[in-house]
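A.B. asks: Take this structure first; my questions come after.
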Amino acid sequence: MSTTLTSLAREGGGAVPQRIVNDFSLQVATANGSGSQTSNIVLMRAIFQMGIPVSGKNMFPSNIQGLPTWFTIRASKHGWIGRKKEVDFLVAMNPETARQDCLELEPGRVLVYDEPLKLNELRSDLIMVPVPFDKLVGPACPEPKLRKLVKNMIYDGVLAFLLDIDMEEIHKALFKQFGPKKVKAAELNWGAAQAGFNWAQENVKVEQPYHLERMDGNKDKFIIDGNAATALGCVYAGCTFVAWYPITPSSTLVEQMMVYLRRLRTGPDGKGTYAVVQAEDELASIGMVIGASWAGARAMTATSGPGVSLMSEFVGLAYYTDIPAVIVDVQRVGPSTGLPTRTMQGDILSNAVLSHGDTRHPILFPSGPEECFSMAGEAFDLAEHFQTPVFINTDLDLGMNVWASDPFPVSDQPLNRGKVLSSDDLERLGGFERYRDVDGDGVGYRTLPGTNHPAASYFTRGSGHNEKAQYSERPEDYVNNVDRLTRKFESIRHAAPRPEVNCLDGAKIGMVYCGTSREAGLESQDQLMREYNMPTSTFRVRAYPYPDELNEFIDRHERVYIVDQNRDGQLHQLMQLDLTPARVAKLRSLRYYNGLPIDARSITDDIRGKEAE
């Protein structure tokens, strides 16, 4: 079937659409397990290779094969890579969702669909391109069992024609995706892509508005997901011990880390100089991490919200006994099992005060792959310098989706092992008291097991102890110890990564966010100024405890909107605990918690609406 501009104009009543270049959102709706992930990544990579800023968001089911999945690719000549709320171009391949996906499109958008779905019967105000996928896949794939997996590659070819993607870029991206060991599979998929392109070239005559043209926006960049970036950062940070229990969406972090460790942590004898242990549960894994760290290793675990819940008591032990640990929390939707394949920033409050009693833990908030890498090193340095657990809070959007990234900066500074006394130090000092605050920063000096000196040993206990690490239930000893831990937390405030601040002249309102909210926040700042002449300053929190710069930012503005990807406004709640009442009175909470990556338009509409009240 050919689609002509004449029939389109007759059905939709529209004229030739305006040409829109390098600025649209494309969504592919398929079924889980159908091989669509390969097709989608190839399509995104091809656009990336054209130098166009691009991002990809995968929304997939958590249970069984065959359920609906959506992959959204955003191309933006302006560099906006957060999720776009509107879908401009839809590829409908899943019969279960096709009708609803079609009905949700705004008029004038483009719909490519599997011809038997007959979506043209639903609406007349869309630009429709029906494709006979089943007829095309047979000649392209002689093996019937493989046709289901190859079928999706046909729409890559169709889209290459419609969007003006050079097929050489599809070929390059495809063979990179499969790698040198799967050349036959790549060739089979390449044949399907060519079949789609050739069919579209011969049969599709419709004019549609969205097109791609080469740019120079991705020079030196590469594509990577946040979990892989974090894994590599932990290896470069000197981590030699990992204990974990698999949980979505953090599992691929340790799986990828094992690949990097085998490549980069092998001794001259060919044996690994690291240990990775899959424990029986999260409780055991954090216990192993604490033990390995106490023994002198740089140790970590990776998990998500349910796993963090199980780690509560052991994290409190590490806090109270001054033992370093790094915990990467790739956040997902809760409570309980919640929506394990949807994204959220719902563990901020619980991580900050995890365990029972009076505890406070530092948290780092990466916003992209570069910071996943660099903050891994900062987390280990903070953990060892301040002898405390440190959380790295990413989320599913960052951890499991692919992002275009700048090259990772590798530090030339030595690892910060903190206040570790050697046998020579002890000989010079004559001894030490493990929990005495000598320097006023709340951090005592420590020794590592095996230090050859009679004064090196001390007892690490989770019950009451005095400065000499001796058992004590004296009230003054307990108060002295927890007050010291409070001073330590204040010292971390000045050592943690500094915020990213962008204050605009004349701005009366400000916006505060963390992590992956950055992309939507900056785009919303642009929308508010460009569309409503509403200058809005932005403040990205990169670490908790909150920096002193936050006070200055709030003082500078009349109202400050706190953007939270959770129901309860957890970033906002922590500020209410930490800030003065006068500053708290200026704060307004903006909350997003539907499991989708946050988008700029939602923030813009909320701020615009609240300002109009």
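A.B. asks: Filter the range 504-558 down to residues that are assigned to a helix (DSSP H, G or I) and among the hydroxyl-bearing types (S, T, Y) and give me whichever is nearest to the chain's Cα centre (by Cα).
C.D. replies: Once the filter is applied, the top-ranked residue is S517.
A.B. asks: Tell me, which residue of the range 580-613 that is assigned to a loop (DSSP other than H, G, I, E, B) and touching a helix residue (DSSP H, G or I) at 6+ places or on another chain (Cβ under 7 Å) is surrounded by the fewest Cβ atoms within 10 Å (Cβ to Cβ)?
C.D. replies: By that ranking, first place goes to K586.
A.B. asks: Could you go through the range 414-423 and let me know if any residue there is surrounded by 22 or more Cβ atoms within 10 Å (Cβ to Cβ), in a helix (DSSP H, G or I) and not acidic (D, E).
C.D. replies: There is no residue in the range 414-423 that is surrounded by 22 or more Cβ atoms within 10 Å (Cβ to Cβ), in a helix (DSSP H, G or I) and not acidic (D, E).
A.B. asks: Hey, another quick one. Determine if the range 86-98 includes at least one residue that is loosely packed, with under 15 Cβ neighbours inside 10 Å and polar (S, T, N, Q).
C.D. replies: no
A.B. asks: Quick one: which residue in A75, A173 is assigned to a helix (DSSP H, G or I), farther than 20 Å from N32 by Cα, under 34 Å from the mean Cα position of the chain (by Cα) and not basic (K, R)?
C.D. replies: After applying the criteria, what remains is A173.
Results for (1) over 35 Å from the mean Cα position of the chain (by Cα); (2) under 20 Å from A200 (Cβ atoms), shown as yes or no for each residue.
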residue	(1), (2)
E104	no, no
R123	yes, no
M128	no, yes
C141	yes, yes
P144	yes, no
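A.B. asks: Let me spell it out: the conditions are (1) more than 14 Å from the chain's Cα centre (by Cα); (2) in contact (Cβ under 8 Å) with a residue 24 or more places away in the chain; (3) crowded, with 17+ Cβ neighbours inside 10 Å, and F432 meets all of them except one. Which number is the exception?
C.D. replies: (2)
A.B. asks: Separate question: Quick test for you: out of V289, V277, V353, V326, pick the one residue that is aliphatic (A, V, I, L, M), surrounded by fewer than 24 Cβ atoms within 10 Å (Cβ to Cβ) and under 26 Å from P449 (Cβ atoms).
C.D. replies: Result: V277 is the single residue among V289, V277, V353, V326 that is aliphatic (A, V, I, L, M), surrounded by fewer than 24 Cβ atoms within 10 Å (Cβ to Cβ) and under 26 Å from P449 (Cβ atoms).
A.B. asks: Still on this structure: Starting from residues that are in contact (Cβ under 8 Å) with a residue 60 or more places away in the chain and assigned to a loop (DSSP other than H, G, I, E, B), keep the ones in the range 156-167 and report whichever is farthest from F89 (Cα to Cα).
C.D. replies: The residue in question is D166.
A.B. asks: From the list R461, R446, which one is crowded, with 21+ Cβ neighbours inside 10 Å and either more than 30 Å from S589 (Cα to Cα) or touching a residue at least 60 places away in the same chain (Cβ under 8 Å) (or both)?
C.D. replies: R446
A.B. asks: Touching a Leu at 6+ places or on another chain (Cβ under 8 Å) and either more than 30 Å from F539 (Cα to Cα) or not β-branched (V, I, T) (or both): which single residue out of R446, R461 fits that description?
C.D. replies: Going through R446, R461 in turn, just one is touching a Leu at 6+ places or on another chain (Cβ under 8 Å) and either more than 30 Å from F539 (Cα to Cα) or not β-branched (V, I, T) (or both): R446.
A.B. asks: Are any residues in the range 29-60 within 18 Å of the chain's Cα centre (by Cα) and either over 19 Å from A404 (Cβ atoms) or part of a strand (DSSP E or B) (or both), and if so, which ones?
C.D. replies: V54, S55, G56, K57, N58, M59, F60
A.B. asks: Sticking with this one: Residues that are among the aromatic types (F, W, Y) and within 22 Å of Y435 (Cα to Cα), at least 1 per element: which helices (runs of 4 or more DSSP H) completely within the range 278-374 meet that?
C.D. replies: Passing ranges, in order: 282-294, 312-321.
A.B. asks: Regarding the range 519-528, can at least one residue be identified that is touching a His at 6+ places or on another chain (Cβ under 6 Å) and hydrophobic (A, V, I, L, M, F, W, C)?
C.D. replies: No, every residue in the range 519-528 fails to be touching a His at 6+ places or on another chain (Cβ under 6 Å) and hydrophobic (A, V, I, L, M, F, W, C).
A.B. asks: Given the criteria surrounded by 19 or more Cβ atoms within 10 Å (Cβ to Cβ) and either modelled with pLDDT of 95 or more or on the phi > 0 side of the Ramachandran plot (or both), does D156 qualify?
C.D. replies: yes
A.B. asks: If you check every pair at least six apart or on different chains, which have Cβ atoms under 8 Å apart with a residue in the range 172-199 that is in the same structural domain as C141 (by TED's automatic domain parsing) and among the charged types (D, E, K, R) first and a residue that is crowded, with 17+ Cβ neighbours inside 10 Å and assigned to a helix (DSSP H, G or I) second?
C.D. replies: K172/A46; K172/Q49; K176/R45
A.B. asks: Here is a further query. Please specify each residue of the range 207-265 satisfying the condition of being within 25 Å of N393 (Cβ to Cβ), outside any strand (DSSP E or B), charged (D, E, K, R) and touching a strand residue (DSSP E or B) at 6+ places or on another chain (Cβ under 6 Å).
C.D. replies: The one that is within 25 Å of N393 (Cβ to Cβ), outside any strand (DSSP E or B), charged (D, E, K, R) and touching a strand residue (DSSP E or B) at 6+ places or on another chain (Cβ under 6 Å): K221.
A.B. asks: Looking at the structure I just gave you, is S517 surrounded by 21 or more Cβ atoms within 10 Å (Cβ to Cβ), out of contact with any Asp or Glu (no Cβ under 7 Å at 6 or more places or on another chain), over 30 Å from G440 (Cβ atoms) and touching a residue at least 60 places away in the same chain (Cβ under 8 Å)?
C.D. replies: yes
The values are calculated or read from the model by the stated rules, or taken from the named source; none is laboratory data. Because the structure is a prediction, the values reported are computed rather than measured. Glycine gets a Cβ as well: all are built from the backbone with ideal geometry, and neighbour counts include every protein chain shown.
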